[in-house]
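Visitor: Below: one structure in structure tokens.
The values are calculated or read from the model by the stated rules, or taken from the named source; none is laboratory data. Remember, it's a predicted structure, so these values are computed and weren't measured experimentally. With ideal geometry, Cβ positions are generated from the backbone for all residues, glycine too; neighbour counts draw on all protein chains shown.
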Amino acid sequence: MNLTVICPHFAPDGAPTGHVMTSLVEEWVEQGHRVHVVTAKPWYTHHRVEEGWGRGLVQAEARPWGRITRVHPFPTDKRNIPARALAFFGFTLLAGLVAIVRRPRPDVVVAMSPPLTLGLAGWAVGALRRAPFVFNIQDVFPDVAVEAGVLTNPLVVRVAAAIERFCYRRAAAVTVLSEDLRENVAAKLPEEQRDKVAVIPNFIDTGSVAPQPRENEYRREHGLTGSRVVMYAGNLGFSQPVELLLDAARELADQADLRFVVNGGGAARPALERAARDLRNVRFVDLQPRERLSEVLAAADLHIVLLRPGLARSSVPSKLYSILAAARPIVASVDEGSEVARTVQGAGAGLAVPAGDGGALAKAICAVLADPDEAARMGQRGRSFVEGWPSPAGVAAEYLELLGRVTGERPTRSDPGRSVA
């Protein structure tokens with residue numbers, strides 16, 4: 001098949017969704033398929049286009065298996081919602097135009113959300129090039145932004161919801177990461193279309209994320225040697241109530257050997273750092289290169305996963321599975337009965353407490369740290385759990401099967417004589 005993929009990030013960009021799509025494309029190429037990736041110039045790590053990627057709006061790279069076309073993402077302050085919306089539409093317009101004019105005609109178009117607007121690009125490319133459009137949902141928007149309190153204007157919410165439903169209805173298939181997300185998306189479709197929503201979870205690469213020694217270079221760099229470390233590692237956005245972790249740090253400040261590490265960046269970080277100025281047991285560490293992920297995760301005695309109340313039906317934190325692969329215990333502050341809570345409890349990998357309950361979070365942290373042997377067993381059970389999870393090759397194969405169904409083709413190796421030049 002000839003595939004056109006429209007996504008917000010792709011290697012070498014360091015975003016988690018970029019890693020997901022890069023791995024999928026690599027697997028599809030391995031099976032002989034041709035791919036045109038339309039994405040943004042790398043910008044995720046520093047929230048600006050990285051050095052060496054030029055000032056132009058469009059930059060194309062020919063590859064033996066197809067092409068990567070990178071367009072300007074127009075990065076803005078995430079807290080400036082009107083500017084961010086304009087940036088999304090500008091990026092979407094450029095990406096859509098590039099995908100439309102490139103030859104040959106794709107057999108199928110895959111678009112990733114967020115941003116939600118890429119669904120419009122995927123639909124337009126599919127409609128104009130007479131190819132089915134598959135919508136890949138990583139987080140359900142606008143629900144995530146509404147529940148997090150980022151979108152409050154009723155008109156903007158209605159417009160975003162209309163775009164969401166428009167894209168779902170016109171997609172040949174919609175893929176989501178969990179049953180919670182499937183129920184959410186399916187409820188927004190007519191009954192006769194609900195069976196086109198498919199659950200395909202993101203893969204876990206248990207080879208690249210593996211258990212490592214607790215005392216390591218990361219600990220030495222940040223003055224953590226010999227301490228008990230509770231870590232939140234990931235995006236510091238509006239969906240993650242990291243202030244609950246700061247409250248726990250304040251409550252447990254009398255434990256001299258206990259350190260709380262917030263490893264990551266995002267729009268909420270400046271406010272969090274101001275809130276933690278009086279907390280000597282809290283460290284903020286910048287986002288680390290992906291090749292250090294195993295080391296970073298290994299440095300913690302306990303990891304924290306946080307979602308604001310109501311968000312579990314719209315988002316599945318990818319960090320959950322990386323932590324499990326690193327064989328470290330988890331305390332998850334999430335909606336009761338959600339995918340995250342069920343995973344942590346079902347794997348026996350930690351504790352789940354109600355979302356937004358800071359007191360319950362602090363008690364759970366104390367409970368896990370009080371029994372290091374059981375904490376180690378939790379970590380090992382988590383690792384055993386994810387070793388049975390789909391690999392990158394397995395998840396890519398699920399997508400190929402789905403793409404084969406919507407195109408009417410068998411998901412086999414494509415004709416090597418076809419070209420994307």
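Visitor: Checking Ser208 against (1) buried (at least 21 other Cβ atoms within 10 Å of the Cβ); (2) of a type outside the set (Phe, Trp, Tyr); (3) outside the structural domain of Leu311 (by TED's automatic domain parsing), only one condition comes out false. Which one?
Guide: Unmet condition: (1).
Visitor: Any residue that is surrounded by 22 or more Cβ atoms within 10 Å (Cβ to Cβ), among the small types (Gly, Ala, Ser) and within 20 Å of the chain's Cα centre (by Cα) - is there at least one of those in the stretch 104-113? Let's see the steps before the verdict.
Guide: In the first step, residues of the stretch 104-113 are kept if they are surrounded by 22 or more Cβ atoms within 10 Å (Cβ to Cβ); the result is 106-113.
Next, from what is left, pick out any that are among the small types (Gly, Ala, Ser): 111, 113.
Adding the requirement that they be within 20 Å of the chain's Cα centre (by Cα) leaves 111, 113.
Yes.
Visitor: Also, I was wondering about something else. Among (1) in a strand (DSSP E or B); (2) more than 27 Å from the chain's Cα centre (by Cα), which single condition is Val262 missing?
Guide: The single condition Val262 does not satisfy is (2).
Visitor: Ala256 passes all but one of (1) outside the structural domain of Ala85 (by TED's automatic domain parsing); (2) under 21 Å from the mean Cα position of the chain (by Cα); which number fails?
Guide: In the conditions (1) outside the structural domain of Ala85 (by TED's automatic domain parsing); (2) under 21 Å from the mean Cα position of the chain (by Cα), Ala256 misses (2) alone.
Visitor: Which numbered condition in (1) in a helix (DSSP H, G or I); (2) outside the structural domain of Phe133 (by TED's automatic domain parsing); (3) under 28 Å from Ala210 (Cβ atoms) is the only one that Lys363 fails?
Guide: Condition not satisfied by Lys363: (3).
Visitor: Does the stretch 238-248 contain at least one residue that is part of a loop (DSSP other than H, G, I, E, B), among the small types (Gly, Ala, Ser) and surrounded by 17 or more Cβ atoms within 10 Å (Cβ to Cβ)? Before the answer, list the steps.
Guide: Of all residues in the stretch 238-248, those part of a loop (DSSP other than H, G, I, E, B) come to 238-242.
After this cut, where a residue has to be among the small types (Gly, Ala, Ser) as well, the list is 239.
The next check asks that each one be surrounded by 17 or more Cβ atoms within 10 Å (Cβ to Cβ); those that pass are 239.
Yes, the stretch 238-248 contains at least one residue that is part of a loop (DSSP other than H, G, I, E, B), among the small types (Gly, Ala, Ser) and surrounded by 17 or more Cβ atoms within 10 Å (Cβ to Cβ).
Visitor: Go through the stretch 19-83 and tell me which strands (runs of 3 or more DSSP E), entirely inside it, have 1 or more residues that are at pLDDT below 95.
Guide: 58-63
Visitor: If the Cβ limit is 8 Å and pairs must be 6+ apart or interchain, which residue in the stretch 39-55 that is on the phi > 0 side of the Ramachandran plot pairs with which residue that is surrounded by 14 or more Cβ atoms within 10 Å (Cβ to Cβ) and modelled with pLDDT of 90 or more?
Guide: Pairs that qualify, where the first residue is on the phi > 0 side of the Ramachandran plot and the partner is surrounded by 14 or more Cβ atoms within 10 Å (Cβ to Cβ) and modelled with pLDDT of 90 or more, are Gly54/Lys41.
Visitor: Only one of Arg219, Arg283 is surrounded by 18 or more Cβ atoms within 10 Å (Cβ to Cβ), in contact with a Ser or Thr (Cβ under 9 Å, 6 or more places away or on another chain), of a type in the set (Lys, Arg) and touching a residue at least 60 places away in the same chain (Cβ under 8 Å). Can you tell me which?
Guide: Details: Arg283 fails: in contact with a Ser or Thr (Cβ under 9 Å, 6 or more places away or on another chain).
The match here is Arg219.
Visitor: Working only within the stretch 160-209, note down all residues that are of a type in the set (Phe, Trp, Tyr) and touching a Leu at 6+ places or on another chain (Cβ under 6 Å). Reasoning before the result, please.
Guide: Initially, the stretch 160-209 is screened for residues of a type in the set (Phe, Trp, Tyr), giving 166, 168, 203.
Once the filter is applied, which keeps residues that are of a type in the set (Phe, Trp, Tyr) and touching a Leu at 6+ places or on another chain (Cβ under 6 Å), the stretch 160-209 yields only Tyr168.
Visitor: Please find, among Gly264, Gly226, the residue that is surrounded by fewer than 19 Cβ atoms within 10 Å (Cβ to Cβ), touching a residue at least 24 places away in the same chain (Cβ under 8 Å) and not β-branched (Val, Ile, Thr). Steps first, answer last, please.
Guide: Details: Gly264 fails: surrounded by fewer than 19 Cβ atoms within 10 Å (Cβ to Cβ).
The conditions single out Gly226.
Visitor: Okay, moving on. Considering the stretch 346-389 alone, what residues qualify as being within 19 Å of Pro317 (Cα to Cα) and of a type in the set (Asp, Glu)?
Guide: Selection gives Asp357, Glu387.
Visitor: Then there's this: When you check Ala60 against the structure, is it touching a Ser or Thr at 6+ places or on another chain (Cβ under 6 Å) and surrounded by fewer than 17 Cβ atoms within 10 Å (Cβ to Cβ), yes or no? Reasoning before the result, please.
Guide: Numbers: touching a Ser or Thr at 6+ places or on another chain (Cβ under 6 Å): yes; surrounded by fewer than 17 Cβ atoms within 10 Å (Cβ to Cβ): yes.
It is true that Ala60 is touching a Ser or Thr at 6+ places or on another chain (Cβ under 6 Å) and surrounded by fewer than 17 Cβ atoms within 10 Å (Cβ to Cβ).
Visitor: Tell me, which residue of the stretch 141-158 that is loosely packed, with under 14 Cβ neighbours inside 10 Å and not hydroxyl-bearing (Ser, Thr, Tyr) is modelled with the lowest pLDDT? Steps first, please.
Guide: Within the stretch 141-158, the first condition is being loosely packed, with under 14 Cβ neighbours inside 10 Å, and the residues that meet it are 149, 152-155, 158.
Add one more test, that the residue is not hydroxyl-bearing (Ser, Thr, Tyr), and what stays is 149, 153-155, 158.
Details: Gly149: 86, Asn153: 91, Pro154: 94, Leu155: 94, Arg158: 96.
Looking at the filtered set, the residue picked out is Gly149.
Visitor: Let me ask another. Just to be sure I understand, how many residues within the stretch 3-14 are surrounded by fewer than 22 Cβ atoms within 10 Å (Cβ to Cβ) and either in contact (Cβ under 8 Å) with a residue 12 or more places away in the chain or not aliphatic (A, V, I, L, M) (or both)?
Guide: Of the residues in that region, 2 qualify.
Visitor: Here's something else I'd like to know. Scanning the stretch 386-421 for residues that are at pLDDT below 95, in contact with a helix residue (DSSP H, G or I) (Cβ under 6 Å, 6 or more places away or on another chain) and under 28 Å from Val344 (Cβ atoms), which turns out surrounded by the fewest Cβ atoms within 10 Å (Cβ to Cβ)?
Guide: Among residues in the stretch 386-421 that are at pLDDT below 95, in contact with a helix residue (DSSP H, G or I) (Cβ under 6 Å, 6 or more places away or on another chain) and under 28 Å from Val344 (Cβ atoms), the one surrounded by the fewest Cβ atoms within 10 Å (Cβ to Cβ) is Ala393.
Visitor: Scan the stretch 291-317 residue by residue and report those that are surrounded by fewer than 18 Cβ atoms within 10 Å (Cβ to Cβ) and more than 24 Å from Ala376 (Cβ to Cβ).
Guide: Passing the criteria: Glu291, Pro309, Gly310.
Visitor: Condition test on His36, is it over 23 Å from Ser315 (Cβ atoms), touching a residue at least 40 places away in the same chain (Cβ under 8 Å), of a type outside the set (S, T, N, Q) and assigned by TED's automatic domain parsing to the domain that holds Leu94?
Guide: Details: over 23 Å from Ser315 (Cβ atoms): yes; touching a residue at least 40 places away in the same chain (Cβ under 8 Å): yes; of a type outside the set (S, T, N, Q): yes; assigned by TED's automatic domain parsing to the domain that holds Leu94: yes.
Yes: the conditions hold for His36.
Visitor: Same structure again: When the stretch 249-259 is examined, which residues are found to be free of Cβ contacts under 8 Å to residues at least 60 places away in the same chain and either in a loop (DSSP other than H, G, I, E, B) or in contact with a Gly (Cβ under 7 Å, 6 or more places away or on another chain) (or both)? Steps first, please.
Guide: Here is the first cut: in the stretch 249-259, the residues free of Cβ contacts under 8 Å to residues at least 60 places away in the same chain are 249-250, 253-257, 259.
If the condition is that a residue be free of Cβ contacts under 8 Å to residues at least 60 places away in the same chain and either in a loop (DSSP other than H, G, I, E, B) or in contact with a Gly (Cβ under 7 Å, 6 or more places away or on another chain) (or both), then Ala253, Asp254, Gln255, Ala256, Asp257 are the ones that fit.
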